[in-house]
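Just below is one structure, and these are the notes that go with it.
Values quoted throughout were computed directly from the atomic coordinates according to the rules given, and no laboratory measurement underlies them. Source: prediction; values computed, not measured. In this analysis, Cβ positions are derived from the backbone assuming ideal geometry, glycine residues included, and neighbour counts consider all displayed protein chains.
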Amino acid sequence: MESEDENLKEYILISGASSGIGRTLAIRLSEQHNVILHGRNLERIEETKRACSKETSHLIFQFDLQHYDKVEKELSDFVIQNKINIKHFVHCAGTLKMLPLKLFTSEMMNSIFSVNVFSAALITKVLVNKRINKTLKGIVFISSNISNFGAKAFSIYGSSKGALDSLMRSLAVELAPFVRVNSVLPGSIQTEMTEKILDNAELYERLIKTYPLGIGYPDDIYEAVAFLISDKSRWITGLQLTVDGGRTINISG
Ligand SMILES: NC(=O)c1ccc[n+]([C@@H]2O[C@H](COP(=O)([O-])OP(=O)(O)OC[C@H]3O[C@@H](n4cnc5c(N)ncnc54)[C@H](OP(=O)(O)O)[C@@H]3O)[C@@H](O)[C@H]2O)c1
């Protein structure tokens, strides 16, 4: 006789699915998978859900990741109550504040690390707990190409992405061979997060010169994520996959 566990419906959890890259990931992944749309703003999460294929197959997990100390309980209850299995986790939620270090308060630093790093670790902790979630197969963290480099006003955001990638590498070793863990490192992608930069004609002109393949789109990140959660990447774990149109290999003067 089949156990109740074997009938659990399988999902991909996408944090930050209410906007930008996460929204595109959700819409494109919904063509072949059931997705859990996470975000803070319910109206915008519902907007993403309406744009998904098979709209009624998907679930919404609304949670403010600033309160990361409560995410373990909230997510555990969500998984158990919905009787589901989360097979993949894509951590796309992220927050950016560009400021010189002298203007950063400890609250701002906490807020960035809460969303970008601590939540990723605590969500993973829930999803690898077999008493809560039957089988997690893969994790993709959406990091940033700043993770391996430096730029003015990026010290805290950049260090949060560096920490996220370091978390990724140790988890890749710790959770092998059952769970593969990788990061995608985007360069500038046209979304709400970057609109202030990209809508400024002068800044845009300066930026575009440094991108051999031009500025990217959320669909470019989707292609990388789709590869990393597929069996085509079955022997890849612990990878930082940079998807930045050649920005970080460009040393032209
Ligand atoms: N755009 C780029 O050029 C670029 C480049 C490199 C890396 N990235 C990374 O890519 C990811 C997505 O960025 P994006 O450009 O798509 O940004 P975005 O359009 O601003 O979307 C950010 C997402 O994160 C969620 N989020 C932020 N704070 C949250 C919180 N406290 N609790 C729960 N959710 C929260 C937002 O949810 P709500 O809308 O509900 O608040 C939203 O869904 C981020 O991790 C970012 O660091 C982006």
Given Cβ point charges of +1 (Lys, Arg) and -1 (Asp, Glu) and nothing else, what value in debye, to the nearest 20, does the dipole of the chain about its Cα centre take?
480
Shape of the stretch 122-253, Cα gyration tensor, a/c cut at 1.5
prolate
Helix-only [θ] at 222 nm, the chain, -39500 (n - 2.57) per DSSP H run of 4+, per residue, nearest 500, equals -11000 deg cm²/dmol
Using the Karplus curve 6.51 cos²θ - 1.76 cosθ + 1.60 with θ = phi - 60°, work out ³J(HN,Hα) for each residue of the stretch 9-18 in order, rounded to whole Hz, and write x for Gly and Pro.
6, 9, 9, 10, 8, 10, 7, x, 8, 8
For the peptides 118-128, 164-174, 87-97, what is the packing order when you average, over each peptide's residues, the other Cβ atoms within 10 Å and list the highest mean first?
87-97, 118-128, 164-174
Working only with C-alpha atoms, what are the Rg and Dmax values of the chain, expressed in angstrom?
18.0, 68
Enumerate the aspartates and glutamates that residue 152 could reach by cross-link, defined here as Cα to Cα under 19 Å, with residues fewer than 8 away along the same chain left out.
195, 202, 205, 244
Rounded, prolate or oblate (a/c below 1.5 giving rounded, otherwise prolate when a/b exceeds b/c) for the stretch 7-102 by Cα gyration tensor:
oblate
Each residue of the stretch 170-187 in order: what ³J(HN,Hα) in whole Hz does its phi give by Karplus 6.51 cos²θ - 1.76 cosθ + 1.60, θ = phi - 60°, with x for Gly and Pro?
5, 5, 4, 7, 5, 9, 5, x, 7, 10, 9, 10, 9, 10, 10, 10, x, x
Eigenvalues of the alpha-carbon gyration tensor of the stretch 69-200, times 5 and square-rooted, give semi-axes in Å, largest first, of 29, 16, 14
Residues meeting the amide H criterion for residue 141 (H placed from the backbone, H to H distance under 5 Å, 5 or more places apart or on another chain) are 91, 182, 183, 184
Take the alpha carbon gyration tensor of the stretch 73-115, find the square roots of its eigenvalues, order them as a ≥ b ≥ c, and report rounded if a/c is under 1.5; if not, report prolate when a/b exceeds b/c, else oblate.
prolate
May I ask which of 54/83; 102/209; 73/137; 137/196; 73/232; 102/196 have a Cα-Cα span longer than 25 Å here?
102/209; 137/196; 73/232
Restricting to aspartates and glutamates and to Cα separations under 18 Å from residue 9, and discarding same-chain partners fewer than 8 apart, the set is 31, 55, 77
How much length is gained on full extension from residue 99 to residue 56, taking 0.36 nm per residue of separation minus their Cα-Cα distance?
11.3 nm
